[in-house]
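Trainee: One structure, pasted below without further comment.
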Amino acid sequence: EAMYDLEGFTAFCGQDDSHLFVHNFLKMFLDWLFQQTAQSFMREEDGDQVLIWGRLPFFAKFLGDGVLFLWDTNPPGDRLRGPHMMGAIILSLLNTCLGYKRGFLPLARKKFANPPQRLRCGIARGRVTSIGDGQDFVGPCINLAARLQKLSPLSFAISAKGIDMEKALHPDDVHHFVPKRVKVRGLKVDQLVYVLADEVRKLSAAERDEFQEP
C-alpha cells in the first residue's frame with residue numbers, strides 16, 4: 001500500500017478564487033500521476049504487447065490532498081510475486097516522487113501560482129478489507145502508510161514490516177536507503193522504517209534526533 005501526499009496542497013487551495021484553478025491543477029496532476037505509474041512499470045513494447053516489471057496497482061483513490069494506491073503482492077501462482085515485485089513497486093513510487101519535482105512541477109509553475117512543491121510517499125505492507133462492494137478499503141497498513149508520508153522533513157518512508165530491502169532491490173539501489181527507528185504519530189510502538197540516505201544527511205542535528213539507529 002502506498003499513500004501519496006501533495007505537500008502544501010491546503011495552502012494552495014487557500015488562495016483567493018481557488019475554484020478557478022484547483023480543479024485544473026488536480027486534473028493535470030492525476031493525469032500525470034497515472035501515466036507516470038503505468039510508464040514506470042513498462043519494460044518494453046512489441047507491437048500491441050507490453051512487457052512490464054511488475055503488477056500494476058488494482059485500486060487507486062484520491063483522498064483530498066493525496067492518492068492511495070493498493071497492490072496485490074501475493075497473488076497465487078503469479079510469477080511476478082516475491083521480493084523483486086516489492087522492489088519494482090518501491091522504485092516506481094520513488095521515481096514518481098522524484099519525477100514530480102523534476103518534471104511535473106516545472107510545468108505546473110507555468111500554469112499555476114505556488115503549486116504544491118513536493119510529492120511525499122509512505123509505504124506499508126499488510127492486509128486490507130474491502131468495503132462498499134470494492135469501492136473502498138480499510139486496514140492498519142493504510143493508516144500506517146498515511147502516517148509515514150508525514151514524517152517531515154523527509155519525503156519518502158517505507159515500513160520494514162514484510163519488506164527485506166536487500167532481497168527486493170539490486171545492490172546498486174539498496175544503498176540509497178537506510179533503516180531508522182522513529183516515533184510515528186498515533187502509534188504507541190516505535191516503527192522501523194527505511195528512508196532515503198540523501199534526505200537523512202540533509203537533516204539538522206535536532207531533526208536527526210528523531211530518526212534513531214535501529
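Trainee: How many residues are in contact with a Leu (Cβ under 7 Å, 6 or more places away or on another chain), closer than 20 Å to Gly99 by Cα and open to solvent by 50 Å² or more (accessible area, probe 1.4 Å) when one looks only at segment 150-189?
Mentor: Matching residues across segment 150-189 total 1.
Trainee: Looking at segment 140-177, which of its residues are within 17 Å of the chain's Cα centre (by Cα), more than 15 Å from Phe211 (Cα to Cα) and outside any helix (DSSP H, G or I)?
Mentor: Lys161, Gly162, Ile163, Leu169, His176 - these are the residues of segment 140-177 that are within 17 Å of the chain's Cα centre (by Cα), more than 15 Å from Phe211 (Cα to Cα) and outside any helix (DSSP H, G or I).
Trainee: Right, next: Quick one: would you say Val184 is over 16 Å from Glu1 (Cα atoms), touching a helix residue (DSSP H, G or I) at 6+ places or on another chain (Cβ under 7 Å) and among the hydrophobic types (A, V, I, L, M, F, W, C)? Even if it seems obvious, please write down each step before you answer.
Mentor: Working: over 16 Å from Glu1 (Cα atoms): yes; touching a helix residue (DSSP H, G or I) at 6+ places or on another chain (Cβ under 7 Å): yes; among the hydrophobic types (A, V, I, L, M, F, W, C): yes.
Against the criterion (over 16 Å from Glu1 (Cα atoms), touching a helix residue (DSSP H, G or I) at 6+ places or on another chain (Cβ under 7 Å) and among the hydrophobic types (A, V, I, L, M, F, W, C)), Val184 qualifies.
Trainee: Out of Phe112, Phe69, which single residue is at pLDDT below 95, surrounded by 12 or more Cβ atoms within 10 Å (Cβ to Cβ) and aromatic (Phe, Trp, Tyr)? Lay out the reasoning, then the answer.
Mentor: Values: Phe112 fails: at pLDDT below 95.
It is Phe69.
Trainee: While we're looking at this one, here's another question. Within segment 108-131, is there a residue that is in contact (Cβ under 8 Å) with a residue 40 or more places away in the chain, in contact with a helix residue (DSSP H, G or I) (Cβ under 8 Å, 6 or more places away or on another chain), under 24 Å from Glu7 (Cβ atoms) and part of a helix (DSSP H, G or I)?
Mentor: Among the residues of segment 108-131, at least one is in contact (Cβ under 8 Å) with a residue 40 or more places away in the chain, in contact with a helix residue (DSSP H, G or I) (Cβ under 8 Å, 6 or more places away or on another chain), under 24 Å from Glu7 (Cβ atoms) and part of a helix (DSSP H, G or I), which makes the answer yes.
Trainee: Continuing with the same structure: Failed condition for Val189, given (1) among the β-branched types (Val, Ile, Thr); (2) under 28 Å from His84 (Cβ atoms); (3) assigned to a loop (DSSP other than H, G, I, E, B), with all others met?
Mentor: Unmet condition: (2).
Trainee: Moving on. What number of residues within segment 153-181 are in contact (Cβ under 8 Å) with a residue 40 or more places away in the chain and within 21 Å of Glu7 (Cα to Cα)?
Mentor: Matching residues across segment 153-181 total 5.
The values are calculated or read from the model by the stated rules, or taken from the named source; none is laboratory data. Model, not experiment: these values are computed from the prediction. All Cβ positions, glycine included, derive from the backbone under ideal geometry; neighbour counts span all protein chains shown. For the accessible areas, the whole protein counts, side chains as well, though only heavy atoms, and no ligand, DNA or RNA atoms are used. Shrake-Rupley method; radii C 1.70, N 1.55, O 1.52, S 1.80 Å.
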